[in-house]
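A.B. asks: Here it is, the structure in full.
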Amino acid sequence: MQAMPALQRITRSALLIALVIVVLGFSWRATGIDLPRLLRDLPKGATLVRAFLTPDLFTREVETSVIGVDFPVPCGSAPQGVPPTNGPRLLPSVGCAAPGETFTLMGKEFPASSEILVRWLLPDGRTLNAVRVRTDAQGAFTATLQARPILTTQDGKSARLEAEIQRPVGGLKPSQALRDVAREMFVTIFMALLSTTIATLIAAPLSFLAASNITRRGCLGSGVYYLSRSFFNIIRAYDPLVMATIFAFWLGYGPFAGVLALTVVTIASLGKLFSEVVENIDPGPLEALQACGANRLQTVRYAVVPQIVPDFISFIIYHWDINVRISTIIGYVGGGGIGFYLSQRINGFEYNQAGTALWAIVIVVWLMDFLSAEVRKRVV
Amino acid sequence: MLRVEHLTKIYPNGTVALKDVSFEVPDGEFLVVIGLSGSGKSTLLRCINRLIEPTEGKIYWNDVDITAASPAQLRQIRRQIGMIFQQFNLVRRSKVITNVLAGRLGYVNPWLSLLGIWPAEERRRALAALERVGIADKAYERADALSGGQQQRVGIARALMQEPRLILADEPVASLDPVLAHSILQYLEELNKEGVTVICSLHFLDLVHRYATRVIALKQGVKVFEGKPQEIDRQRFKEIYGEEAQEVRAASL
């Protein structure tokens with residue numbers, strides 16, 4: 001072959017580079033890359049990240065008590081309330097007021113530096129939030145209130161000013177979110193465990209049919225071999241997400257759909273891996289046992305199984321690990337478990353709770369990763 | 001009595017491994033097959049128990065046509081024919097005793113054997129077989145923990161479990177240190193003296209002289225010599241192995 005002239009070579013390289021640049025530029029525009037926006041919308045992202053970083057983990061049980069004082073509007077329509085002289089108490093600057101009049105409310109000996117909700121208990125029994133205040137270090141606050149016409153005394157019953165005090169009792173307790181996340185996480189882990197187990201039970205025998213060194217003998221054998229091999233390949237073409245969407249549509253949202261989707265996907269994946277393990281065994285022992293007069297099943301049991309068990313176990317554990325990870329995602333499209341919980345919290349703008357779920361996923365995935373690596377190291 | 005008639009094997013890729021080979025092996029003989037690597041020795045041995053299907057020709061074992069046997073009949077025939085391999089062909093991860101018991105698979109209840117249940121009698125038989133080849137103390141070790149010579153003895157113990165009438169040994173000492181060759185072949189000789197027919201492929205001419213009662217030689221799939229071991233002199237040797245061949249004596253190593 002003759003060497004290309006230098007000019008032609010350079011032109012060709014230049015054209016090639018130009019083409020690559022054009023293609024990359026096109027993909028840049030097609031995907032709507034907007035770098036300034038990344039900075040402009042930083043506060044939005046920061047809010048989310050802050051919420052995720054402060055997951056809802058623990059709550060303190062609180063005891064709620066209500067302090068109140070009768071406050072007739074207008075004056076004289078009902079007896080005035082008499083505040084106690086010690087303990088948490090509400091002290092209005094006037095004992096009663098005309099509708100529309102403003103007055104100052106003082107609170108004393110409330111829990112220090114805490115939030116207090118001041119509200120009206122209307123004569124008809126309904127409540128009307130007045131103001132939310134923060135007490136100082138001594139447990140006191142002042143607020144300006146207006147006596148609104150709705151407070152007018154009815155049937156000799158006056159309105160009442162109330163403040164709610166919440167006092168923590170007992171120690172820290174797992175929050176509702178933490179308990180929900182723990183429950184859903186277990187559902188997810190068991191989803192992965194169940195689907196891996198079922199998939200193993202189905203994939204292990206099938207993998208022998210899809211192993212050329214075991215099955216591919218004669219016409220029938222070849223037929224079975226190609227059939228089982230194509231079965232694995234066809235299912236493998238479907239992504240777990242697609243599979244989960246189909247099953248969620250079919251069976252409704254929930255772990256059952258998730259387990260089925262994971263099982264089908266795992267059968268294909270494990271079946272293919274298993275059959276490759278079976279194909280890579282040392283054929284010597286097979287030959288030896290055939291020569292002894294052992295039948296096909298005996299040969300598999302004594303010559304094949306001992307050779308494949310460590311690899312099989314390793315792949316099974318690896319898939320459990322993978323399935324925990326996938327099931328968090330397929331939960332998102334309706335497969336139940338932690339993924340479903342996460343999608344609900346995010347859609348409901350409960351980012352702290354979503355943060356709890358995210359942390360749980362990170363921890364469990366990391367743990368499974370570590371465990372599966374440890375176990376596999378030991379088995380092989 | 002084993003009778004091989006006009007045996008031909010052509011592999012699917014067109015290689016002619018055996019071409020019209022005929023010979024007879026009377027009971028109690030120690031027949032050694034010699035020839036270069038690729039001359040068809042392994043193919044010949046594997047055609048006898050049909051690990052490889054012959055293309056043409058007939059093989060009779062005590063007047064039963066092996067080449068026409070149904071799968072069930074073939075298993076019946078195979079269990080009387082022990083086989084020993086160059087690479088030992090043990091299940092490396094299994095225990096020695098499991099490897100030896102596996103030699104008995106053609107005799108025991110297939111369903112129990114699939115569950116891994118072996119009658120006490122068979123376990124005793126396996127330990128006795130290991131005792132005979134001198135490694136009873138290794139029975140519960142993993143096969144791959146043993147040295148090459150010990151592994152080949154496990155291979156012999158496995159063949160012993162079959163109570164064989166015929167033993168096919170495919171270069172049983174070629175993967176071993178030459179000094180171990182005699183220790184392995186002596187077991188075969190011992191069995192031969194008890195009346196078991198042995199067909200064995202070998203490389204070293206002095207081993208042929210020492211153990212064979214009769215010799216056949218293959219060259220490119222064709223039988224080029226059949227006779228007494230003493231008849232193989234330097235001249236014959238050159239004919240079989242080609243002009244460049246140099247005889248190596250195991251004893252000199």
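A.B. asks: Can you tell me which of A:LEU53, A:LEU57, A:LEU91 is closer than 29 Å to A:THR135 by Cα, open to solvent by less than 80 Å² (accessible area, probe 1.4 Å) and under 28 Å from the mean Cα position of the chain (by Cα)?
C.D. replies: Going through A:LEU53, A:LEU57, A:LEU91 in turn, just one is closer than 29 Å to A:THR135 by Cα, open to solvent by less than 80 Å² (accessible area, probe 1.4 Å) and under 28 Å from the mean Cα position of the chain (by Cα): A:LEU57.
A.B. asks: Out of A:THR104, A:THR127, A:THR142, which single residue is touching a Lys or Arg at 6+ places or on another chain (Cβ under 8 Å), exposed (fewer than 15 other Cβ atoms within 10 Å of the Cβ) and either in the same structural domain as A:LEU91 (by TED's automatic domain parsing) or not aromatic (Phe, Trp, Tyr) (or both)?
C.D. replies: Working: A:THR104 fails: touching a Lys or Arg at 6+ places or on another chain (Cβ under 8 Å); A:THR142 fails: touching a Lys or Arg at 6+ places or on another chain (Cβ under 8 Å).
Within the list A:THR104, A:THR127, A:THR142, the selection yields A:THR127.
A.B. asks: Look through segment A:235-278, keep the residues that are open to solvent by less than 20 Å² (accessible area, probe 1.4 Å) and polar (S, T, N, Q), and return whichever of them is nearest to the other protein chains (Cβ to nearest Cβ).
C.D. replies: In this case the residue turns out to be A:SER275.
A.B. asks: Of everything in segment A:107-151, what is of a type in the set (Lys, Arg), within 24 Å of A:THR85 (Cα to Cα) and out of contact with any Asp or Glu (no Cβ under 6 Å at 6 or more places or on another chain)? Give them in sequence order. Walk me through how you get there before you give the answer.
C.D. replies: Of all residues in segment A:107-151, those of a type in the set (Lys, Arg) come to A:108, A:119, A:126, A:132, A:134, A:148.
Among the residues that remain, those that are also within 24 Å of A:THR85 (Cα to Cα) are: A:108, A:119, A:132, A:134.
Answer for segment A:107-151, where residues must be of a type in the set (Lys, Arg), within 24 Å of A:THR85 (Cα to Cα) and out of contact with any Asp or Glu (no Cβ under 6 Å at 6 or more places or on another chain): A:LYS108, A:ARG132.
A.B. asks: A follow-up question, please. Within segment A:279-309, take every residue that is within 14 Å of chain B (Cβ to nearest Cβ), touching a residue at least 60 places away in the same chain (Cβ under 8 Å) and assigned to a helix (DSSP H, G or I) and give me the one that is nearest to B:ASN89 (Cα to Cα).
C.D. replies: Among those that are within 14 Å of chain B (Cβ to nearest Cβ), touching a residue at least 60 places away in the same chain (Cβ under 8 Å) and assigned to a helix (DSSP H, G or I), it is A:LEU286.
A.B. asks: Quick one: count up the residues across segment B:134-148 that are assigned to a loop (DSSP other than H, G, I, E, B), at negative phi and open to solvent by less than 90 Å² (accessible area, probe 1.4 Å). I'd like the intermediate steps shown before the answer.
C.D. replies: Here is the first cut: in segment B:134-148, the ones assigned to a loop (DSSP other than H, G, I, E, B) are B:134-135, B:139-141, B:146-147.
If we keep only those that are at negative phi too, we end up with B:135, B:139-141, B:146-147.
Still in the list and also open to solvent by less than 90 Å² (accessible area, probe 1.4 Å): B:135, B:139, B:141, B:146-147.
The number of residues fulfilling the criteria is 5.
A.B. asks: Residue check: is B:GLU163 open to solvent by 30 Å² or more (accessible area, probe 1.4 Å) and part of a loop (DSSP other than H, G, I, E, B)? Write out each step before concluding.
C.D. replies: Numbers: open to solvent by 30 Å² or more (accessible area, probe 1.4 Å): yes; part of a loop (DSSP other than H, G, I, E, B): yes.
When the stated conditions are applied, B:GLU163 passes them.
A.B. asks: Please go through segment A:328-342 and give me each residue that is open to solvent by less than 10 Å² (accessible area, probe 1.4 Å) and either closer than 17 Å to A:TRP359 by Cβ or free of Cβ contacts under 8 Å to residues at least 40 places away in the same chain (or both), ordered by number.
C.D. replies: A:GLY331, A:GLY337, A:ILE338, A:GLY339
A.B. asks: Another question, if that's okay. Filtering segment B:209-218 down to residues that are surrounded by fewer than 19 Cβ atoms within 10 Å (Cβ to Cβ) and within 16 Å of the chain's Cα centre (by Cα), which residue is nearest to B:LYS19 (Cα to Cα)?
C.D. replies: B:ARG214
A.B. asks: Tally the residues that are of a type in the set (D, E, K, R) and in contact with a Leu (Cβ under 9 Å, 6 or more places away or on another chain), restricting the search to segment A:228-272.
C.D. replies: Residues meeting the conditions: 1.
The values are calculated or read from the model by the stated rules, or taken from the named source; none is laboratory data. No experiment lies behind these values; they were computed from the predicted model shown. So basically every Cβ, Gly included, is an ideal-geometry build from the backbone, and we count neighbours across all protein chains shown. Please note that ligands, DNA and RNA were not included when accessible areas were found on the heavy atoms of the full protein model with its side chains. Shrake-Rupley method; radii C 1.70, N 1.55, O 1.52, S 1.80 Å.
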